[in-house]
1. Taking a 1.4 Å probe, which of V143, V88, V8 shows the most accessible area, and what order do the others take after it?
2. When the solvent-accessible surface of protein heavy atoms is calculated with a 1.4 angstrom probe, in what order do I95, I85 fall, highest first?
3. Between region 133-155 and region 1-42, how many Å separate their Cα centres?
4. Not counting ligands, DNA or RNA, and with a 1.4 Å probe, what is S7's accessible surface area in Å² rounded to the nearest 10?
5. Between I51, I129, I116, which gets the highest mean-square fluctuation from a Gaussian network model of the chain, Cα cutoff 10 Å?
6. Taking R0 as 45 Å, what FRET efficiency do you get between A152 and C27 from their Cβ-Cβ distance, rounded to the nearest 0.05?
7. Pick out which of G117, G149, G72 has the largest mean-square fluctuation in a Gaussian network model of the chain, springs linking Cα atoms closer than 10 Å.
8. Report the gain in length on full extension from Q169 to I95: 0.36 nm times residue separation, minus Cα-Cα distance, nm rounded to one decimal.
Amino acid sequence: LCYHHGSVDRSGATELLALFAEVAAECGLGTCIEPIAMGGTATLPDAAELIRASGSDARILFDTWHLVRTGGDVATLASVDPALIGYVQINDGLIANGPKTPDEAMAEVAGERVYIGMGEFPLADLLRITPKDIPWGVETPSVSRAARGMSAEDQGREAMACMRGLLAQL
């Protein structure tokens with residue numbers, strides 16, 4: 001997995017992705033690039049273009065949080081070749097009351113994502129058009145739950161119960 005945080009320009013990122021994918025392949029590994037809202041490659045279309053320009057066989061890690069926080073939606077996901085999607089990270093969030101500053105975004109992305117089904121993201125619609133033959137993961141870190149004494153095991157159980165509810169809608 002790699003990111004383009006923006007410390008290099010697009011040309012440099014293209015070269016680095018090609019090299020990263022080449023070295024990963026030599027080790028028998030695949031490569032995913034995750035477009036991140038605060039990065040130089042922020043959207044799914046940006047990531048698809050970076051992969052094309054690199055000539056690599058990299059794929060995209062699609063994270064629902066980053067899609068929504070960059071203004072993306074179901075149409076954005078549908079615009080990307082499904083064969084480029086290699087992994088999905090699923091989480092939820094509020095749309096109207098989302099983070100307003102970079103610090104608020106970092107706090108949400110790294111430590112307080114909303115559990116699946118407890119927010120406003122169009123998760124069922126997104127997952128209906130997401131490839132089913134790739135790994136899907138739940139990414140819902142919660143500093144506040146941990147601070148209240150909720151164990152990681154209990155958080156995992158709660159998060160997976162929410163995921164089961166979403167899967168029942170599909």
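1. Descending order: V143, V8, V88.
2. The residues order as I95, I85, largest area first.
3. 27 Å
4. Using a 1.4 Å probe on the heavy atoms, I get roughly 110 Å².
5. Result for the chain, Cα springs under 10 Å: I129 fluctuates most.
6. Given R0 = 45 Å and the Cβ-Cβ separation, E is 0.90.
7. Judging by the Gaussian network model, the answer is G149.
8. 24.6 nm
The values are calculated or read from the model by the stated rules, or taken from the named source; none is laboratory data. Since the model is a prediction, treat every value here as computed from it, not as a measurement. Cβ atoms come from the backbone with ideal geometry, glycine included; neighbour counts cover every protein chain shown. What goes into the accessible areas is simple: the full protein's heavy atoms, side chains included, and nothing from ligands, DNA or RNA. Shrake-Rupley method; radii C 1.70, N 1.55, O 1.52, S 1.80 Å.
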